[in-house]
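**Student:** Take a look at the following structure, please.
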Amino acid sequence: AEGGAGGGAGGDGDGQRAGRIKKSIELADLQFHQCVNLSKFDSEKVISFTPPDGEFDLMKFRVTDTVSLPFKVMPLVRELGRTRLSVDVKIKSLFSDKQFANGVVLKIPVPKHTARATVKVTGGKSKYVAKEQALIWKIKQFQGMTELQLSADVELISTMTEKKPWGKPPVSLNFQVPMFTASGLRVRFLKVWEKSGYISTKWVRYLCNSGADARAGSYEIRCA
């Protein structure tokens with residue numbers, strides 16, 4: 001899992017810093033914005049910085065252990081002869097039932113010679129999209145500790161040119177879960193020193209997403 005901490009400033013702030021977290025989390029490939037006082041972090045493990053104007057990435061890191069995934073996806077694709085597929089996908093949210101994920105989209109690949117698909121879901125909306133060569137399942141809001149299911153019967157066009165077996169590409173998942181961190185990293189303390197008289201507003205927001213931007217990779221699940 002990859003993550004980062006972001007910040008922003010609307011004036012010439014004199015400095016901000018966040019204190020250490022109590023729970024030990026091993027961070028790999030740690031990178032700081034150039035505004036961070038690295039010597040202070042090395043000696044005190046405190047992130048002290050004078051922010052530039054606008055939004056920026058304060059810290060980037062990678063976590064490999066004790067990662068809490070927000071979803072469990074269980075795809076099962078069965079070939080029923082040469083002209084039919086059976087697709088069953090279960091998705092369960094693993095975060096608190098008081099939280100909601102937004103913009104959940106599953107892309108379930110099907111063979112390029114698919115003719116049509118009959119799809120049933122227990123939540124959200126799904127349909128076969130020919131140009132994507134996939135079943136697209138959209139769930140506007142997904143409550144925590146909830147399980148939904150998709151079942152589809154896929155009809156294929158019989159062809160003699162397709163001799164290679166279908167490789168079953170992975171299912172991809174896009175989402176945003178506010179107030180959830182897969183890494184477990186938390187901001188425990190935030191202090192702003194302002195000497196110029198500018199009134200700053202302090203707030204911390206957590207957002208876990210699927211890494212839809214190209215820099216963070218993607219959230220994919222292999223098909224059984």
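The values are calculated or read from the model by the stated rules, or taken from the named source; none is laboratory data. Just so you know, these numbers come straight off a predicted model, no measurement behind them. Cβ placement follows ideal geometry from the backbone for every residue including glycine, while neighbour counts extend to all protein chains displayed. Remember, those area values only see protein heavy atoms, side chains included, never the ligands or the DNA or RNA. Shrake-Rupley method; radii C 1.70, N 1.55, O 1.52, S 1.80 Å.
**Student:** Would you confirm whether any residue within segment 157-165 is exposed (fewer than 13 other Cβ atoms within 10 Å of the Cβ), basic (K, R) and at pLDDT below 95?
**Tutor:** Scanning segment 157-165, I find at least one residue that is exposed (fewer than 13 other Cβ atoms within 10 Å of the Cβ), basic (K, R) and at pLDDT below 95, so the answer is yes.
**Student:** Residues to consider are A18, A28, A101; find the one that is open to solvent by less than 50 Å² (accessible area, probe 1.4 Å) and at pLDDT 95 or above.
**Tutor:** Exactly one of A18, A28, A101 is open to solvent by less than 50 Å² (accessible area, probe 1.4 Å) and at pLDDT 95 or above, namely A101.
**Student:** Here is a follow-up. Which one of these is closer than 27 Å to L80 by Cβ, modelled with pLDDT of 95 or more and either surrounded by fewer than 18 Cβ atoms within 10 Å (Cβ to Cβ) or in contact with a Pro (Cβ under 8 Å, 6 or more places away or on another chain) (or both): I108, I91?
**Tutor:** It is I108.
**Student:** Can you name the residue in segment 210-224 that is open to solvent by less than 60 Å² (accessible area, probe 1.4 Å) and closer than 19 Å to M59 by Cβ and is also modelled with the highest pLDDT among such residues?
**Tutor:** This residue is G211.
**Student:** Further question: Just to be sure, is K202 at pLDDT below 95, open to solvent by 70 Å² or more (accessible area, probe 1.4 Å), touching a strand residue (DSSP E or B) at 6+ places or on another chain (Cβ under 7 Å) and not aromatic (F, W, Y)?
**Tutor:** yes
**Student:** Let me ask you something else. Go through S96, S68, S48 for me and flag whichever is modelled with pLDDT of 95 or more and more than 30 Å from L156 (Cβ to Cβ).
**Tutor:** Being modelled with pLDDT of 95 or more and more than 30 Å from L156 (Cβ to Cβ) holds for just one of S96, S68, S48, which is S96.
**Student:** Which one of these is within 21 Å of G167 (Cβ to Cβ) and either out of contact with any Ser or Thr (no Cβ under 7 Å at 6 or more places or on another chain) or among the polar types (S, T, N, Q) (or both): S68, S86?
**Tutor:** Just one listed residue meets the conditions, S86.
**Student:** For segment 116-147, give me each residue that is in a loop (DSSP other than H, G, I, E, B), exposed (fewer than 15 other Cβ atoms within 10 Å of the Cβ) and among the polar types (S, T, N, Q).
**Tutor:** Correct list: T122 only.
**Student:** Looking at segment 170-203 only, could you name the residues that are over 22 Å from Q141 (Cα atoms), within 19 Å of the chain's Cα centre (by Cα) and either outside any loop (DSSP other than H, G, I, E, B) or not charged (D, E, K, R) (or both)?
**Tutor:** If the condition is that a residue be over 22 Å from Q141 (Cα atoms), within 19 Å of the chain's Cα centre (by Cα) and either outside any loop (DSSP other than H, G, I, E, B) or not charged (D, E, K, R) (or both), then P170, S183, G184, L185 are the ones that fit.
**Student:** Any idea which of L207, L185, L190, L150 is at pLDDT 80 or above and open to solvent by less than 30 Å² (accessible area, probe 1.4 Å)?
**Tutor:** So the residue among L207, L185, L190, L150 that is at pLDDT 80 or above and open to solvent by less than 30 Å² (accessible area, probe 1.4 Å) is L150.
**Student:** Can you go through K45, K40 and tell me which one is open to solvent by 70 Å² or more (accessible area, probe 1.4 Å), over 19 Å from the mean Cα position of the chain (by Cα) and closer than 19 Å to K191 by Cα?
**Tutor:** K45
**Student:** While we're here: Six or more apart or on different chains, Cβ under 9 Å: which pairs go from a residue in segment 94-120 that's within 18 Å of Q176 (Cβ to Cβ) to one that's of a type in the set (F, W, Y) and in a loop (DSSP other than H, G, I, E, B)? Could you list them?
**Tutor:** Filtered contacts from segment 94-120: F95/F180; S96/F180; Q99/F180; A101/F95; A101/F180.
**Student:** Quick one: what pairs do we get from segment 71-85, first residue modelled with pLDDT under 95 and in a loop (DSSP other than H, G, I, E, B), second open to solvent by less than 70 Å² (accessible area, probe 1.4 Å) and among the hydroxyl-bearing types (S, T, Y), C-beta under 8 Å, 6+ apart or different chains?
**Tutor:** Note: pairs meeting the criteria are L80/S86.
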